[in-house]
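A quick write-up on the structure given underneath.
The values are calculated or read from the model by the stated rules, or taken from the named source; none is laboratory data. As the structure is a computational prediction, the values presented were derived from the model and not from experiment. Glycine also receives a Cβ, built like all others from the backbone with ideal geometry; neighbour counts cover every protein chain displayed. The protein model used for the area step is the full one, side chains on, heavy atoms only, and it has no ligands, DNA or RNA in it. Shrake-Rupley method; radii C 1.70, N 1.55, O 1.52, S 1.80 Å.
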Amino acid sequence: MLRSLLLTLLLATPAAAQNLDSLLARMTLEEKLGQLNLLSANGQASPQQMQLVRAGKLGGLFNVIGAENTTPVQRIAVTDSRLKIPLLFGLDVIHGYRTIFPIPLGEASSFDPDAAEATARAAGQEAAAFGINWTYAPMVDIARDPRWGRIAEGSGEDPYLGSLMAAARVRGFQQSIFATAKHFAGYGAAEAGREYNETEISQRTMREVYLPPFKAAVDAGVASLMSAFNDIAGVPASGNAWLTDTVLRREWGFKGFVVSDWTSVAELINHGVAGSQAEAGRRALTAGVDMDMQSSIYVDSLAALVRSNRIPIRVVDSAVMRILRAKQRLGLFRDPYRARTAPANPELRATARRVAGESIVLLKNEPAGRGAACCAPTLPLAKSGTIAVIGPLADNKEEPLGPWHTQGQAADVVTVLQGIMSKVPAATQVVYAQGAGMEDTSTAGFAAALAAARQAKVAVLVLGERGDMSGEAASRSSLGLPGVQQELLEAIAATGTPVVLVLMNGRPLILEWASDHVPAIVETWFLGVEAGNATADVLFGDVNPSGRLPVTFPRVLGQVPLYYNHRNTGRPPDVHNKYSSKYLDVPVTPRYPFGFGLSYTTFAYGNLKLSPARARASDTVTAIVTVTNSGSREGTEVVQLYVRDEVGSVSRPVRELKAFRRVTLKPGESRAIDLRVALRDLWFYGLDMKPVVEPGTFRVYVGPNSAEGLEASFECIP
Ligand code: NOJ
């Protein structure tokens, strides 16, 4: 807070403003366009790129790795170039630099913005020590379609959770480097989940669902936004004045800068909204995209248009000033090299393990044993006996890093097998068999896996996706386990040895068979370097799982897109009425709803009270609920509050998450938990497309996920 106040004061001082004004006044048109030019290096700047820096034709570089490579180029910028303007050094530090934390979708499962802030802070500090001053994260795109691989990089389907996570990550990164909220906007709505595909988003849905996390990032002081690849109803986001000027700058008052995505300026030609490079550049720049990533169009093709007044020079000047102000805010004019020290490794690893543990979601945990063990849930496991550890991901060091792991190294990863081995005493026998490769078509490895399972009291099967099956350009048209993994699972289950299915994946998977036949399922996403330790912590009960799904898991692909905050329709699903909104062959409900996750203990809810029962739009309503740990272990519950606006001028979602709280309770402990909802946060876009909180009844649900909970209601009075 104090920091941002100081920064604001600094930016507001006439002296600082004056310096940049006089700098701008000394710049040639080519130097101005140079500041708007951003290129990717290949680890090191190439000789041609160094020449561009010397000539003042580059405002920043990305993918220069290591301070030993950033420093010499910065030296050229601040000593050899005519105006000595320092460079920005960007990188996709998505969920860690060298120390890889859980993928953002996994981390969103923690429902713990402080955890997200902690990992972003650590990642930013580590990156800064290697010369980076600007990350292309957080990705804050709402995603409702698990076919879309980039769902892994965001916080899932909910705008409220997504907004809290966006703001937390911005705060975390910006303790040491600049953040970029991306991809502005609507990228997650790609039709059919096909990467880079067109989108069709109504203005209301855009404003209520897709934009709030960006607004939260802007309010948290994010330095930059990245314009998206997609179009929205025919208008590409990288040439969309409504988004980057009307909404972002005029409505929200954003003072930072907008960078395009990789060649998204040039791609305006493919979109069919520009007939030439110059036209594409003109469209993007005048729409408010300040910096051209990788197209080189601004620097190469726009000078003539400016000279012939087809692009007003004030448009160029405004964009340049935004870049210069950002460099000033970052302190680059004072300290271009920014020598920093990374946090100590043990500290980074401890954060990675703690947050990975919080990110794990227990999806199912039922009894599996025979005889005396018949009634106890399968998990947590005892540390004794023979344990079979099976599957292509069980001892895999690469995939837990996830789809985008910057400088993450497989050698740093603790596998699930290693995590289990280091937890159990020497007398416990751990037998490992890979069973099959990730995408094998052969079942040749099954025999060894079956033998391992047969001799064990439990088989831990670690299955899922390769890391690069999610992330950019990784859409899938089927969401089952790849290769012969499903067959392996069924074969091991058929041995009669109880199975614990540990999943690693970057998106919701279709888990029908497993959900019906396997007693315990643990969703671990891609947890990063501490994957194995964090998974073993949960498997053996040293950590009681507390993760909750930030995204709906469908039963079958045909239900997609499936999300909890849908509208009711005029004919809501009714099993007794054929002419209601449903399928003939599958229920409309998900397999695992948004917000769902189990614990090794149980929680009971009672006594929900709202006060006041009648409130004005400027008031706050407090829900008080008694939550009791009704089981026998300490555990953390994520108490969730959803709201439904029963009658509006526009149909409102059946539920919207408006508050949640992580609460740790000892066995038998009861606590009154209060959750507050400011009524001004119940806005939506009314018939006249203006934000409004309408008087009327609001139903409130407080419970463990989006499909359960106690109910009460309050009146919003005029
Ligand atoms: C393309 C991706 O869409 C974007 O997220 C990323 O930041 C850029 N490439 C730069 O690597």
If Lys and Arg each add +1 and Asp and Glu each add -1, what is the summed charge of the other residues whose beta carbon sits under 12 Å from the beta carbon of residue 515?
-> -1
Residue (of 424, 529, 389) at the positive-pole extreme of segment 376-559, dipole from beta-carbon charges = 424
Amide H proximity to residue 254 below 5 Å, modelled H, separation 5+ or other chain, gives 249
What length, rounded to one decimal in nm, is gained on full extension from residue 455 through to residue 611, with 0.36 nm per residue of separation minus their alpha-carbon distance?
-> 50.3 nm
Checked segment 376-559 against the a/c 1.5 cut and the a/b vs b/c comparison, axes a ≥ b ≥ c from its Cα gyration tensor; verdict rounded
In nm, the gap between the two label points placed 7 Å beyond Cα toward Cβ at residue 307 and residue 411 is 5.4 nm
Amide H neighbours of residue 635 under 5 Å, counting only residues 5+ apart in sequence or on other chains, H built in-plane at 1.01 Å?
-> 665
Work out from phi, with θ = phi - 60° and the Karplus expression 6.51 cos²θ - 1.76 cosθ + 1.60, the ³J(HN,Hα) of each residue of segment 268-285, listed in order in whole Hz, and give x for Gly and Pro.
-> 4, 5, 4, 4, x, 10, 9, x, 8, 4, 4, 5, 4, x, 4, 4, 5, 5
Those GluC sites (Glu not before Pro) from segment 188-234 that are DSSP loop and have at most 15 other Cβ neighbours within 10 Å turn out to be 200
Built amide H within the under 5 Å cut-off of residue 41, gap 5+ = 62, 63, 64
For residue 29 paired with residue 697, estimate the spin-label separation in nm (one decimal), with each label point 7 Å from Cα along the Cα-to-Cβ line.
-> 6.6 nm
For segment 558-622, which trypsin sites (Lys or Arg not before Pro) are both in a DSSP coil and crowded by at most 13 other Cβ atoms within 10 Å?
-> 578
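Rounded to the nearest 0.05, what FRET efficiency is calculated for residue 347 and residue 427 with R0 set to 35 Å and r the Cβ-Cβ distance? Walk me through the numbers on the way to the answer.
Values: r = 33 Å, r/R0 = 0.95.
My answer for the efficiency is 0.55.
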Quick one: net charge around residue 405, please, counting Lys, Arg +1 and Asp, Glu -1 for every other residue with C-beta under 12 Å from its C-beta.
-> -4
What percent antiparallel are the DSSP beta bridges of the chain, to the nearest 5?
-> 55 percent
Equivalent-ellipsoid semi-axes of the chain, from the Cα gyration tensor, Å, largest first | 44, 31, 24
So how much slack lies between residue 588 and residue 252, counting 0.36 nm per residue of separation and subtracting their Cα-Cα distance, in nm?
-> 117.2 nm
Rounded tilt (10° steps) of 14-26 against the dominant C-alpha axis of the chain | 60 degrees
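Helix-only estimate, please: 222 nm mean residue ellipticity of the chain, summing -39500 (n - 2.57) across DSSP H runs of length 4 or more and dividing by its residues, to the nearest 500.
One gets -7500 deg cm²/dmol as the mean residue ellipticity at 222 nm.
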Cβ-placed point charges (K, R +1; D, E -1), dipole of segment 376-559 about Cα centre in debye, nearest 20 | 440 debye
Each residue of segment 38-44 in turn: what ³J(HN,Hα) in whole Hz from Karplus with 6.51, -1.76, 1.60 and θ = phi - 60°, glycine and Pro shown as x?
-> 10, 10, 8, 9, 10, x, 10
Which percent of the accessible area of the chain is formed by carbon and sulfur heavy atoms (probe 1.4 angstrom)?
-> 51 percent
Over the heavy atoms of residue 432, what accessible area does a 1.4 Å probe trace out, to the nearest 10 Å²?
-> 90 Å²
Any chymotrypsin sites (Phe, Trp or Tyr not before Pro) in segment 678-707 that lie in a DSSP loop and have at most 16 other Cβ atoms within 10 Å would be 683
Accessible area, probe 1.4 Å, largest first, for residues 232, 387 | 232, 387
Estimated distance in nm for a label pair at residue 442 and residue 674, the labels positioned 7 Å out from Cα along Cα-to-Cβ | 6.6 nm
FRET efficiency, residue 54 to residue 578 (Cβ-Cβ, R0 56 Å, nearest 0.05) | 0.15
Heads up, segment 294-426 by the C-alpha gyration tensor (a ≥ b ≥ c square roots of eigenvalues; a/c under 1.5 rounded, else a/b over b/c prolate, else oblate) looks prolate
Tally Lys/Arg at +1 and Asp/Glu at -1 over every other residue whose Cβ is under 14 Å from the Cβ of residue 45; what's the total?
-> +1
Just by accessible area at a 1.4 angstrom probe, what is the order of 245, 145, 395 from largest to smallest?
-> 395, 245, 145
Tell me, what is the per residue accessible area of the chain in Å², probe radius 1.4 Å?
-> 37 Å²
May I ask you to derive the FRET efficiency for residue 204 and residue 235 from their Cβ-Cβ distance with R0 = 22 Å, giving the value to the nearest 0.05?
-> 0.85
